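Written below as structure tokens is the structure these notes are about.
The values are calculated or read from the model by the stated rules, or taken from the named source; none is laboratory data. Predicted model only: the values in this text are computed from it and were never measured. These accessible areas exclude ligands, DNA and RNA; they are computed on the full protein's heavy atoms, side chains included. Shrake-Rupley method; radii C 1.70, N 1.55, O 1.52, S 1.80 Å.
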Amino acid sequence: MAIESRIRELGSRHENLDRTIQEETKRPVSDATRLRELKRQKLRLKEEIEGLRARLH
């Protein structure tokens, strides 16, 4: 149960980061450094989610 809850939490954070990235790219002058960091965070979350899912199976 705890793993599934963590996966949901991380999934929500992943979606929030995706929205933030989309918003940043729509800005007339997006901040490349901020975008790079947001994408790194999103990738780390994705990797953690995949790792947790692997432990469930």
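Whole-percent P(r), the chain, all Cα pairs, 10 Å bins from 0: 24, 44, 22, 10, 1. The slack between I3 and K26, meaning 0.36 nm per residue of separation minus the straight C-alpha distance, is 4.8 nm. Compute the angle between helix 32-56 and the longest alpha-carbon principal axis of the chain, please, reported from 0 to 90 degrees and rounded to the nearest 10. Result, in degrees: 10.
Roughly speaking, to the nearest percent, how much of the chain's 1.4 Å accessible area is carbon and sulfur? Roughly 49 percent, rounded to a whole number. A 1.4 Å probe run over the chain, with the rest of the protein chains in place, finds 79 Å² accessible per residue. Solvent-accessible surface (1.4 Å probe) assigned to L10 amounts to roughly 0 Å².
Using only Cα atoms, tell me the angle between helix 2-26 and the longest principal axis of the chain; keep it within 0 to 90° and round to the nearest 10. Helix 2-26 and the main axis of the chain meet at about 10 degrees.
By the rule of a C-alpha distance below 22 Å, with chain neighbours fewer than 8 residues away ignored, the lysines paired with K26 are K39, K42.
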